[in-house]
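Below you'll find the structure, written out as structure tokens, and then a few comments.
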Amino acid sequence: MFGPSIKLFDLLGFPIRIDASWFVIAALIVWSLSSGYFPQALPGMRPMTYLALSMAAMIGLFGSLILHELAHSLVARRYGLRIGGITLFLFGGVAELSEEPKSAASEFWIAIAGPAMSATLALAFGLGAATLPELGTLAVLLGYLAAVNLMLAVFNMLPAFPLDGGRVLRAWLWQRAGDLQEATRKASGTGVILAAALMGLGFVSAMSGGGIGGFWLILIGFFVLTASRSAYQQLVLRDSLRGRRVGDLMTPNPQTASPEMRLATLVDQIMLAHAVSFVPVVSDGQILGQIDTRLVRSVPRATWQDRDVGSVMAPIDPNSLISPQMTAQDALERLTKGPARKLIVVDRGVVCGVLSLRDLLGHIAVVQALGGGLGTVQAGKAMALPAHKSILRPQP
Ligand SMILES: [Zn+2]
């Protein structure tokens, strides 16, 4: 879901990363503060002072976002959930939960922790600004950070799943009716409505001269819209795979090649004849490597008659070997996260099947067709990790 990101440091065991898109927003914040906010709040100072204040404000905002996500992560860890780390990106921050909360209560406390942290920070900065007016310039900076944290708390409590407020709403619905999927459907429904409202508001604001704030609202609305939809689709995916194992869904008895086989034979008699693009290489039942159309193409066509599979195959990545007992949900995660696009299913050392995303999605499509009314499943769109996202307020 992210572009290239840079790991900065570990905080209480959580890796803190910055997505490249964060630099865009950091630059935008420094620019808008140093050319607008601070010159208005503190007239008559030197441009360098405004720039320094804006940099300090940006770093304060950076710290506030991390603390917001850290609060989510700490509570999640207390509930025994695995956390991938914290990433700051264009719209704010994300605490990557590797799994969904297991109960309505844990969902509630994990979700509320972030806004509670932001509200506490707002109060602390606000008190600092109010009680230390003799600080002058610094008090203005503290006031700004108080306002930003208050907006972070309020904005993220909008009942739009998967924002924090939407998660609180989902936890409440889940607790009340005991049906997670239905609760998610409703909470992401409000997310879609709110996203449309944000985009509409942004459009009106931009048309009536609201400037960058209007465009920002449109962007955030769009972000909330895609996030709510993908969060729901992702739940549908996981739900459709519940209780299934790799052995149920794999393509069994796959075509295999021997290392001595000529490439021309592999292409004609296996790949083309059986419409497969990926072939495990096996000798005496033991897996030796794998070969696919990409590898075959890397060899000049004129030599396919002479080259053997063993000289072209790639070694097996241990991560792409799975057992038929693995749950389908885990296999989905492995396929969507890892580099391997096909997994080789090995039972007691013998290759017994191949599993691709297509196998899983085919199953999901049928489940959905039978269940009905759950919306469509879009391959690839719904693969985002469950995440606590926080979004920034529109720019001042
Ligand atoms: Zn949050």
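No value in this document is a laboratory result; all are computed from the given coordinates. None of the values given here were measured: they were computed from a predicted structure. Quick reminder, even Gly has a Cβ in these numbers, built from the backbone with ideal geometry, and neighbours come from all protein chains shown.
Annotations
- Amide hydrogen neighbours beyond the local backbone of ILE322, cut-off 5 Å, H modeled: ILE344, VAL345, VAL346
- Taken over the chain, the alpha-carbon convex hull comes to 184 cubic angstrom per residue.
- Net charge dipole size for segment 246-362 [Lys, Arg +1 and Asp, Glu -1 on Cβ; Debye, nearest 20]: 360
- D_trans [Stokes-Einstein, Kirkwood Rh over alpha-carbon pairs] for segment 246-362, 37 °C, 0.692 mPa s, µm² s⁻¹: 228
- In percent, rounded to a whole number, the relative contact order of segment 246-362 is 34, using alpha-carbon pairs under 8 Å and six or more apart.
- Alpha-carbon centroids, segment 174-245 and segment 335-368: separation in whole Å: 30
- Among beta bridges that DSSP assigns inside the chain, antiparallel share in %, nearest 5: 85
- Relative contact order of the chain, pairs being alpha-carbon contacts under 8 Å that are 6 or more residues apart, as %: 16
- Rg/Rg_ref, segment 116-219, where Rg_ref = 2.2 N^0.38 Å and atoms are Cα: 1.39
- Proximal lysine pairs, the chain, alpha carbons under 22 Å, eight or more residues apart or interchain: 11
- Computed over the chain, the per-residue total of -39500 (n - 2.57) for DSSP H runs of n ≥ 4 gives a 222 nm mean residue ellipticity of -17000 deg cm²/dmol, rounded to 500.
- Per-pair calculated FRET efficiency, R0 = 35 Å: SER35 and VAL299 via Cβ, rounded to 0.05: 0.05
- Sequence-separation-based contact order of segment 101-200, relative, with Cα cut under 8 Å and 6+ spacing, percent: 27
- Bins of 5 Å from zero: percent of alpha-carbon pairs in segment 73-155: 3, 15, 18, 17, 16, 12, 9, 6, 3, 1
- Restriction of the trypsin sites (Lys or Arg not before Pro) in segment 34-96 to DSSP coil positions whose beta-carbon has at most 10 other beta-carbons within 10 angstrom yields ARG82.
- Pair LEU12, VAL192: separation of 7 Å Cα→Cβ label points (nm): 3.6
- Report note on the peptides 306-319, 147-160, 343-356: ranked by the mean count of other C-beta atoms within 10 Å, highest first, their order is 147-160, 343-356, 306-319.
- Computed about its Cα centre, the charge dipole of the chain is approximately 380 debye, with only Lys, Arg, Asp and Glu carrying charge at their Cβ.
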